[in-house]
Structure formats: C-alpha cells, structure tokens
Amino acid sequence: MATRKTERQRPSDFEPSLHEQAERLQASLGESAQQIWLAGLGAFSRAQAEGSKLFDTLVREGSKVEARTRDARAGLADGVEEVRSRAGETLGRVDQVFRARVGEALKALEVPTRRELGALADRIDALNQKLRAHNERPTAGARARRAAYRSTPPGPAPVPPQATEDRPVRKPRAAPRPAPADPATPGESSD
C-alpha cells in the first residue's frame, strides 16, 4: 500500500497575516472615527444655524401647552367649585334628615326639648323668687319679739357680785318648785 503523503498547508498561505489584519482593522477604525467626527461637526453646524429657529419653535410650542393647561386648570377650578356647591347642598339635606330623625327618636323616648327645658328653668326661677320673698317676710311671732326688744330701753348691764374678805359670794337660790297636787286617796279621810 502506498502511503499517501498529505501536504499540510500553512495558514499563512491562505489567511492574511496578523499584521495585515491589524492594518485593515486600523484603517476601518480610522474611517469610522473620521465619519463620526464629521457627523458631529455637521450636527454642531446645523444646530448653530438652526438653533435660533429651533428655540423659537420650542417657545411657540411651550406657549401653546401653557394656554391649554391654563384653560384646563380654569375648567377644573369651575368643576371643583360646582362639586363643592353640590356637596354643600347634599350635606345640608343630610343634616336636615339627621336632625329630623334624631328629634323623632328623642320625642319617642320622651326626652324634653330645649324649649321645654327653657320653660322649666323659667318656672323654677319664678318659684325661687316667690320662695325668697316668702322667707324674707317676718312671721307674727318674730315681729312681736322684735317690737318687744326694741321697746325696752337699754340699761346698765347688771354687775355680778364680788366677794370680799368678810362676805363670801352667795349663789342665788333656785326658785322653789311647786309641790305636786296630792289628790285625796280614796281610803283616807280628812278631818
């Protein structure tokens, strides 16, 4: 058998060398960088040329947006005021219904109203005035005692007796008690 000799091809024969690949890559990167640079210069030049036009356009658009928001805000304020008014009316109706229901419940429980309590307080005040007037008026016995007190002339106050060496102070005697009446006993005779 015959052996076949295969020739092995070198990679450098078919593939470009690393050096060539690096040069091509460097060239393409340089071209890309040059294009990017030129695009940036073109954008800058255009922005300078159209900058004032763009600014004016943006100002006009901003004015339009501001006018729309101002109109929307005014419409919203009107809507809020209308809702507030409706809420106030509804709250007033709810308050009336609540007061009516509470009044009915208190009436069913026989709780006095403010007007009834005021009338009762007025009656109590009138009765208190009558009672004070009655208590300030003196009675007949009190009037007689006052008249007797006023009619006695004031005299000197009695001087208590003082003890001396030869005479001791005597205590006043008590008034004798009346003897009890002896009813005649049934078995005794009186001669």
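The values are calculated or read from the model by the stated rules, or taken from the named source; none is laboratory data. None of the values given here were measured: they were computed from a predicted structure. Remember, those area values only see protein heavy atoms, side chains included, never the ligands or the DNA or RNA. Shrake-Rupley method; radii C 1.70, N 1.55, O 1.52, S 1.80 Å.
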* Asked: Once the piece of chain linking residue 58 and residue 102 is laid out straight, how much longer is it, given 0.36 nm per residue of separation minus the C-alpha distance between them?
  -> 9.5 nm
* How big is the accessible area of residue 69 in square angstrom, nearest 10, if you roll a 1.4 angstrom probe over the protein chains? -> 80 Å²
* Structure fact -> HN-Hα couplings for region 94-111 via Karplus (6.51, -1.76, 1.60; θ = phi - 60°), in whole Hz with x for Gly/Pro, come out as 4, 4, 4, 5, 4, 4, 5, 5, 5, x, 5, 5, 5, 5, 5, 7, 6, 7
* Residue by residue, what Karplus-based ³J(HN,Hα) values in Hz, rounded to whole numbers, does region 82-88 have, using 6.51, -1.76 and 1.60 with θ = phi - 60° and x for Gly and Pro? -> 5, 5, 4, 5, 4, 4, x
* **Extension gain from residue 111 to residue 85, taking 0.36 nm per residue of separation minus the Cα-Cα distance** => 5.8 nm
